[in-house]
Amino acid sequence: MAPKIQVLSPPLGRALNSALRIELRFIPATGAYIDLESLQVLNGRLRFDITERILKHAKLSKDGLLADNAAVLPGNHRFLIRIADTLQRQAEQEISVSIQARNEK
């Protein structure tokens, strides 16, 4: 059984502001621990690696990741989160968000 990534925030399915809260919970499988060094955050169809940019503004722990007020440009974005456990089993979670421009309601 692989680890799991649970998305606590942002709420999915509605337009969001550019000051985004990203909160993820990492759930290890029985008998393993989350390998924090394995974290990858990929952006878009081309899957650009933005892990280092995210980590500059986030708190990372064995329990998850928290980034408050993450600045995201208006538009539709797709992020792929990957994490592995100490037994090299990998979890992936996609987050798709729509960020509205400031003057939109």
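The values are calculated or read from the model by the stated rules, or taken from the named source; none is laboratory data. Bear in mind that the values here come from a model prediction, so they are computed numbers and not experimental data. Every residue, glycine among them, receives a Cβ derived from its backbone with ideal geometry; neighbour counts consider all protein chains shown.
Here are the numbers for the structure shown:
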| item | result |
| --- | --- |
| Single match in I50, I99, I83, I95 (criterion: surrounded by 14 or more Cβ atoms within 10 Å (Cβ to Cβ), β-branched (V, I, T) and without any contact (Cβ under 8 Å) to a residue 40 or more places away in the chain) | I50 |
| Within segment 5-19, tally of residues that are surrounded by 14 or more Cβ atoms within 10 Å (Cβ to Cβ) and among the charged types (D, E, K, R) | 0 |
| Selection count, segment 20-47, where residues are aliphatic (A, V, I, L, M), in contact with a Ser or Thr (Cβ under 9 Å, 6 or more places away or on another chain) and surrounded by fewer than 16 Cβ atoms within 10 Å (Cβ to Cβ) | 1 |
| Any pair with Cβ under 8 angstrom, 6 or more apart, that starts in segment 1-23 at a residue that is under 21 Å from T51 (Cα atoms) and ends at one that is acidic (D, E) and loosely packed, with under 15 Cβ neighbours inside 10 Å | I5/E92; R21/D68 |
| Count of residues meeting criterion [of a type outside the set (D, E), part of a strand (DSSP E or B) and under 14 Å from the mean Cα position of the chain (by Cα)] in segment 1-26 | 12 |
| One residue from R45, R53 being of a type in the set (K, R) and not in a loop (DSSP other than H, G, I, E, B) | R53 |
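Yes/no matrix, rows are residues, columns are (1) closer than 28 Å to A101 by Cα; (2) at pLDDT below 95:
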| site | (1), (2) |
| --- | --- |
| I50 | yes, yes |
| G64 | no, no |
| N69 | yes, yes |
| V72 | yes, yes |
| H77 | yes, yes |
| I81 | yes, no |
| A84 | no, no |
